[in-house]
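Asker: Dropping a structure here in structure tokens format, bear with me for questions.
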Amino acid sequence: MNQIRVCEACRSKIPMEAKICPNCGHKKNSISPLRTWGTIFIMVMLVALGLYKVQNKSQEYRDFSLPIEAVSFSESQTIQKAEGVNPIKGGTYEIGKGVQAGEYIIINSDNSYPGFFELKKTNSDKFEDIIGNGSVYNYSMITVSEGQVLELNNVDMYPFNSVAFSEPTDGIYKPGMYKVGANIKAGSYKIIPSDINSNYKIVKDSTYSRDNILETDYIDKATYINLKDNQYIIIEDAVISSKL
């Protein structure tokens, strides 16, 4: 049986091999080589334009970024722990039972993988009970109150007053949280972004209350800030430089 097709113009049934419709004279559509190459050319140009934009954006961020090694692996600032103070390891703790209320420093215990903490009002999975949480690539600080619940993962936690900090020899402070007057001096600093998500927050304390945020911003270029004693600064995907 001969195969049939439908004419594109008059919609009548005609033999599959017919190049001209015997009913209306319509010629079978065909894609010319010129049209084919034209389509390919347009597609290539669109892809090239997209790659150019991505490369141009990447270059834009490289122009103001530090090398990623300087951001992630600088060991210029050291932390000294008091003798006889044991770390609080990963787990879930109710404040007042085993872990006392107060301020603590949370330190990443495995530099190959970020740590995590979450502070909640109660030991429930309700979103509204979450007070604050975050990943810990370097170290962070937290103030906890009796009755709250703290979850720790891949971190060591110490009472804040049991550790001492050295100043970074290269003037570079890694991503993390700093208390002005304790592990970073008051004064003027430059924040240097390393990613499109680079951001900072200046806060009143380490309770993670949203009401305590003094200043926050995402940055795509070097940004200058002034820090005062007893403020806290949190930086993500960026570094702080004391060299202006």
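Every number in this text was worked out from the coordinates using simple rules, so none of it is lab data. This is a predicted model, so every value here is computed, not measured. Every residue, glycine as well, gets a Cβ built from its backbone with ideal geometry; the counts of neighbours run over all protein chains shown.
Asker: Hey, residue 232 hits all of (1) within 27 Å of residue 126 (Cα to Cα); (2) buried (at least 20 other Cβ atoms within 10 Å of the Cβ) but one; which does it fall short on?
Answerer: (1)
Asker: Looking at 202, 191, which is the one that is free of Cβ contacts under 8 Å to residues at least 40 places away in the same chain and either crowded, with 16+ Cβ neighbours inside 10 Å or in a strand (DSSP E or B) (or both)?
Answerer: 202
Asker: For residues that are within 20 Å of the chain's Cα centre (by Cα) and farther than 23 Å from residue 183 by Cα, scanning just the range 91-117, find the one that is surrounded by the fewest Cβ atoms within 10 Å (Cβ to Cβ).
Answerer: 112
Asker: So for the range 135-144 (the condition being under 21 Å from residue 238 (Cα atoms), free of Cβ contacts under 8 Å to residues at least 24 places away in the same chain and touching an Asp or Glu at 6+ places or on another chain (Cβ under 9 Å)), does at least one residue qualify? Reasoning before the result, please.
Answerer: At the first step, the residues of the range 135-144 found to be under 21 Å from residue 238 (Cα atoms) are 135-142.
Restricting the remaining residues to those that are free of Cβ contacts under 8 Å to residues at least 24 places away in the same chain gives 135.
If we keep only those that are touching an Asp or Glu at 6+ places or on another chain (Cβ under 9 Å) as well, we get 135.
Yes; the residues of the range 135-144 include at least one that is under 21 Å from residue 238 (Cα atoms), free of Cβ contacts under 8 Å to residues at least 24 places away in the same chain and touching an Asp or Glu at 6+ places or on another chain (Cβ under 9 Å).
Asker: Only one residue in 161, 133, 123 is within 19 Å of residue 199 (Cβ to Cβ) and surrounded by fewer than 19 Cβ atoms within 10 Å (Cβ to Cβ). Which one? Steps first, please.
Answerer: Values: 161 fails: within 19 Å of residue 199 (Cβ to Cβ); 123 fails: within 19 Å of residue 199 (Cβ to Cβ).
Sole residue among the options that is within 19 Å of residue 199 (Cβ to Cβ) and surrounded by fewer than 19 Cβ atoms within 10 Å (Cβ to Cβ): 133.
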